[in-house]
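Some notes on the structure that comes next.
The values are calculated or read from the model by the stated rules, or taken from the named source; none is laboratory data. Note that this is a predicted model, so its numbers are computed, not measured. All Cβ positions, glycine included, derive from the backbone under ideal geometry; neighbour counts span all protein chains shown. To get the accessible areas, we keep the full protein, side chains included, count just its heavy atoms, and leave off ligands, DNA and RNA. Shrake-Rupley method; radii C 1.70, N 1.55, O 1.52, S 1.80 Å.
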Amino acid sequence: MNEIDLDAHLAQAATDIAAATDLAALKDLDGVLLGKKSAITAAKRTLGGLEPDQRRALGLRLNEVRDELTGLLDERRRHLEVGERAAQLENERLDLTELDHGRRLGHRHVITQTWERLEDLFVGMGYTVSEGPEIEDEWHNFGALNFPPDHPARDMYDTLYVNYGDPQSTLLRTHTSPVQVRVMEDQEPPIYSIMPGRVFRSDTADATHMPVFHQIEALVIDRGITFGDLAGTLEAFTTAYFGEGFTSRLRPSYFPFTEPSAEFDIRRPDGSWLELGGCGMVHPNVLTAAGLDPEEWSGFAFGFGLDRLALMRHDIDDLRELFRNDHRFLSQF
Ligand code: DAH
């Protein structure tokens, strides 16, 4: 084999190497080009019969060609290895996008939606949001709210007592009104605050009653607050929450912690009425019990059931549905 042949051999080999499309084909090619039966090996065998000068020259040239072939083969091998690894990874990839089918996003419970909407509305009117404990003492739930001991008004609340301390000293709060007392104890007036929360009564569950339900309380204490402010606030709230065409009315009532006291109803555009809650001017005894001077401060309060608002807004006719937590039902709202 002369030098011309070697150049042609090398050029052909380079084309073949570049054309090898997988590692197996390349391995075969490696055998053909550098193995025992290769042209290079055959040429080496001829070296022994050559003149020393020719032998040296051809020997050097053969080594060069072998090194070049080895280099080309190695380079092609690395290239094919990267490609095959990528193909393998692609093959083993798990298609997790299938798990996306039918995925549904959750959302807030109807009661939470109502709760947050009320908070937004009152915060927009300048009120703060306050909270108090669900396990309450007798003083905050009744005493400080002007329910004397053994007063018949206590019977309006089917109280669940907690077996802690003196008998009937600790209870699950029956309304959010005790938070009024805590706010007055903790903060200097003026106070403009709402107090949403969970309340408890020993009621049997039916379409309109649950032993656990939600109320929202409002308390305003400032100088010179009048019954007109109360009526105006309730009217503003009614239109803001329910929309144009809804109005409110007050009916005389009795609560130990307000004087005068009233119930307030909402009038729907179709003329029907919804009884919403109670309200009134904070009783001087309540101000005094919370450490405020009734000569200096006056205020109003109101409280109503939050669950009922949710029912009405969504035309739900059974309160128990809100607590069953059947997602087929809840996902509608
Ligand atoms: N706490 C009363 C109840 O649960 C509702 C209520 C009435 C709250 C009059 C008030 C109020 O703040 O002034 O029946």
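Fully extending the segment from Ser253 to Arg313, taken as 0.36 nm per residue of separation minus the present Cα-Cα distance, adds 19.0 nm.
Here's the picture: charge each Lys and Arg Cβ at +1 and each Asp and Glu Cβ at -1 in region 110-330, and of Leu274, Pro294, Val179 the one pushed furthest to the positive end of that dipole is Leu274.
Once the Cβ-Cβ distance of Arg267 and Ala87 is raised to the sixth power relative to R0 = 51 Å, the FRET efficiency obtained is 0.10. Determine, from the Cβ-Cβ distance of His327 and Ala205 and an R0 of 22 Å, the FRET efficiency 1/(1 + (r/R0)^6), rounded to the nearest 0.05. So, using R0 = 22 Å, E works out to roughly 0.65.
Working from Cα pairs under 8 Å separated by at least six residues, relative contact order for the chain is 14 percent. Tally up the carbon and sulfur contribution to the accessible surface of the chain as a whole percent, 1.4 Å probe, everything protein left in place. Percent of accessible area from carbon and sulfur atoms in the chain: 51.
Within a straight-line Cα-Cα reach of under 15 Å, Lys37 can be paired with the following aspartates and glutamates, leaving aside sequence neighbours fewer than 8 residues apart in one chain: Asp28.
Starting from 0.36 nm per residue, how many nanometres of slack lie between His109 and Arg223 once their C-alpha separation is accounted for?
Between His109 and Arg223, full extension yields 37.2 nm more.
In the chain, helical runs assigned H by DSSP with n ≥ 4 each contribute -39500 (n - 2.57); averaged across all residues and rounded to the nearest 500, the mean residue ellipticity at 222 nm is -13500 deg cm²/dmol.
Listed values for region 191-201 are Karplus-derived 3J(HN,Hα) couplings in whole Hz (6.51 cos²θ - 1.76 cosθ + 1.60, θ = phi - 60°), namely 10, 9, 9, 10, 9, x, x, 8, 10, 9, 9, and x replaces Gly and Pro. With respect to the chain, whose longest principal axis is taken over its alpha-carbon atoms, helix 3-19 is tilted by about 20°. The stretch between Asn285 and Glu119, if pulled fully straight at 0.36 nm per residue, gains 56.9 nm over its current Cα-Cα span.
Using a Gaussian network model of the chain in which every pair of alpha carbons under 10 angstrom is joined by a spring, one finds that among Leu322, Leu34, Leu96 the greatest mean-square fluctuation is at Leu34.
Relative contact order for region 3-92: 37 percent, from Cα pairs under 8 Å spaced at least 6 residues apart, divided by residue count. In the context of the full set of protein chains, the chain has a per residue accessible area of 56 Å² (1.4 Å probe).
Ratio of Rg to Rh for region 3-92: 1.12 [Cα atoms; Kirkwood radius as inverse mean 1/r over pairs].
Please check: in the Gaussian network model of the chain (C-alpha springs, under 10 Å), which one of Pro152, Pro284, Pro260 has the largest mean-square fluctuation. Result: Pro152 has the largest fluctuation of those listed. Expressed as an acute angle from 0 to 90° and rounded to the nearest 10, what is the orientation of the C-alpha long axis of helix 52-92 relative to the principal long axis of the chain? Its long axis makes an angle of about 20 degrees. Taking a ≥ b ≥ c as the square roots of the Cα gyration tensor eigenvalues, the chain comes out prolate, since a/c reaches at least 1.5 and a/b is larger than b/c.
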